[in-house]
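Undergrad: Here it is: the structure, laid out below.
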Amino acid sequence: MRADRPPNITADEIDSLPAQSFLGSAEYHARLDSTNARAALLVAGRDPITFPHLVYAEQQTAGRGRQGKGWFSAPGSLTFSLIVSREALGLSREQLPLTALATGITVLQTGLHFLPQGDFGLKWPNDVFLAGKKVAGILLEVSQVPDAVVIGIGVNVNNDFDRFPAAVAQQSVAVHSIAETPIDRFAFLLHLLGRLERQLADVAAGQSISGAWNQYCLLSGRTVTLEFADRQLRGRCRGIDASGRLLLDEAGTVTAFATGEVCNWQ
């Protein structure tokens, strides 16, 4: 982290992002319950925002994850949501699952930019790992307003886990703890936005992301338990296909799954 910059990201820095990135507008909150919840209110209320619009919170008190789970954040983490126009980006509805996966790739590649020696990996469909523990999560929510999509991102950058529930703390890691030095979070955010713009453009253009994902897929070759609302199944993971579906080999038969929660892998 630059010696001349404060540890917190400032409102002025967030306000400067549209001039430095593909953002149309941005807003800063020192404290917010959930950036995704705020984004949903903006979309539903049709407030005057310019896509893509960033909702940034220096502290998030009630973050949301997939399957109704919470996302725990602490001072030093990076939490924000991006409201994008699907039509403006040229994304079809069928490409939305790939959008979530492309965001995971973006977070991983940004992590590698700041920590080139980092042991990063991807867990389908929305988690980024570092040194065997969770470092980031992504929550994509499709708005009832047909054109709007909310991409929520939480990254453990400079935070510690002393206030986290023990079970969460044991499974989590922050970039700074592996780098053994604080990370410039604003530079991290700016770099991430630049990469995300290119990744979403590639998805819209029909370029495959399965190769990039499978390069870092933590589940490939492992026996995975995939959980649904009413059942579980086990199989050996063969990565993802071109549509972003998880490939499981069950006794020689490979099946692609677009939904489900990976609850165990070994």
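Undergrad: Collect the residues in the range 145-177 that are at pLDDT 90 or above, over 22 Å from Asn36 (Cα atoms) and among the small types (Gly, Ala, Ser), keeping them in residue-number order.
TA: Ser177
Undergrad: Among the residues of the range 28-85, count how many are modelled with pLDDT under 90 and within 15 Å of Val145 (Cα to Cα).
TA: 6
Undergrad: In addition: Only one of these is within 20 Å of Val55 (Cα to Cα), of a type outside the set (Asp, Glu) and out of contact with any strand residue (DSSP E or B) (no Cβ under 7 Å at 6 or more places or on another chain): Val157, Val150, Val145. Name it.
TA: Answer to the selection: Val145.
Undergrad: What's the number of the only condition in (1) touching a strand residue (DSSP E or B) at 6+ places or on another chain (Cβ under 8 Å); (2) under 14 Å from Lys123 (Cβ atoms) that Gly244 fails to meet?
TA: The one condition Gly244 does not meet is (1).
Undergrad: Residue check: is Gln144 polar (S, T, N, Q), in a helix (DSSP H, G or I) and assigned by TED's automatic domain parsing to the domain that holds Asn36?
TA: no
Undergrad: Regarding Gln266, is this residue at pLDDT below 95 and over 16 Å from the mean Cα position of the chain (by Cα)?
TA: Against the criterion (at pLDDT below 95 and over 16 Å from the mean Cα position of the chain (by Cα)), Gln266 qualifies.
Undergrad: Answer yes or no: is there a residue in the range 178-199 that is at pLDDT 95 or above, surrounded by 18 or more Cβ atoms within 10 Å (Cβ to Cβ) and either in a strand (DSSP E or B) or hydroxyl-bearing (Ser, Thr, Tyr) (or both).
TA: Scanning the range 178-199 turns up no residue that is at pLDDT 95 or above, surrounded by 18 or more Cβ atoms within 10 Å (Cβ to Cβ) and either in a strand (DSSP E or B) or hydroxyl-bearing (Ser, Thr, Tyr) (or both).
Undergrad: Quick check on my filter: what residues within the range 200-223 are outside any helix (DSSP H, G or I) and more than 15 Å from Asp127 (Cα to Cα)?
TA: Ala205, Gly206, Gln207, Ser208, Ile209, Gly221, Arg222, Thr223, listed by residue number.
Undergrad: So, one more: Quick test of your reading of the structure: Lys134 fulfils all but one of (1) over 24 Å from Glu58 (Cα atoms); (2) part of a strand (DSSP E or B). Name the failing condition by number.
TA: With respect to (1) over 24 Å from Glu58 (Cα atoms); (2) part of a strand (DSSP E or B), Lys134 is out only on (1).
Undergrad: Of the conditions (1) surrounded by 14 or more Cβ atoms within 10 Å (Cβ to Cβ); (2) part of a loop (DSSP other than H, G, I, E, B); (3) of a type in the set (Gly, Ala, Ser), Gly239 satisfies every one except a single condition; which number is it?
TA: Among (1) surrounded by 14 or more Cβ atoms within 10 Å (Cβ to Cβ); (2) part of a loop (DSSP other than H, G, I, E, B); (3) of a type in the set (Gly, Ala, Ser), the lone unmet condition for Gly239 is (2).
The values are calculated or read from the model by the stated rules, or taken from the named source; none is laboratory data. Source: prediction; values computed, not measured. Note that we place each Cβ from the backbone using ideal geometry, even for glycine, and neighbour counts take in every protein chain shown.
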